[in-house]
Amino acid sequence: MDHALTWAGQTLWLCPEKAAFWPDGRVLFVADFHLGKAHSFRRLGVPVPAGTSAANLQRLGLLVDRLAAREVVFLGDFLHSARAQGSPALDAFAQWRATRADLGLALLRGNHDRHAGDPPAVLGMVVGPEPMQRGPWALYHHPPAVGEGLAIAGHLHPAVRLGGRGGDRLTLPAFHWRHRQVLVLPAFGEFTGHASVVRQPGDACFVSDGERVVALP
């Protein structure tokens, strides 16, 4: 279940698939996709599981279809490294893209993208620096200082560690609304790691369990 966030008279849906959606423009915002990360690690001799990029791509496709999105904007770190260029993961993305020729794709370069290089032209992706504007939303990879408009960013891979009875612990991806002025999205990619959110006075935080987004008290 999506969570409708009202912000300065605008509505943004926080999606349990770890993305945000602007319904008025039908634009989907995705942070830190890190396509080809597992492939890059295996190329370096690190034994990591295969299939993570395929799972991310399937989740993205289902989300685009569910929301009838017209455009997907990647908020940086679309490719994990230069080793992702020409990888099976990128080939799979190109095949996915070919089935959605009418879908707009855009990327604002993050720190990984600057090393990986731009995606191949066959993807038909508009690529530019941060910030990128979509309607009222100022889009960044690196979260800006507060007070810079309706800012949405990525990069930090926020998550929250929850505790329960008996010492149980659970870490969930989080949308961190810093000072209610900058919204940091969770990393969309599964194989990305995370950083625990340190909440400050005035912050709001929303966690996803994969099926719904819940505001923390």
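Quick notes on this one:
- Proximity of backbone amide H atoms, modeled 1.01 Å from N, is registered between ALA195 and ALA159 at under 5 Å, excluding neighbours fewer than 5 places apart on the same chain.
- Each peptide in 206-213, 135-142 was scored by the mean count of other Cβ atoms within 10 Å over its residues; highest first, the order is 135-142, 206-213.
- Amide hydrogen neighbours beyond the local backbone of VAL127, cut-off 5 Å, H modeled: LEU107
Throughout, read-outs are computed from the coordinates displayed, never taken from laboratory work. Given the structure is predicted, the values throughout are model-derived calculations rather than measurements. Methodologically, a virtual Cβ is constructed for each residue, glycine included, from the backbone with ideal geometry; neighbour enumeration extends over all protein chains shown.
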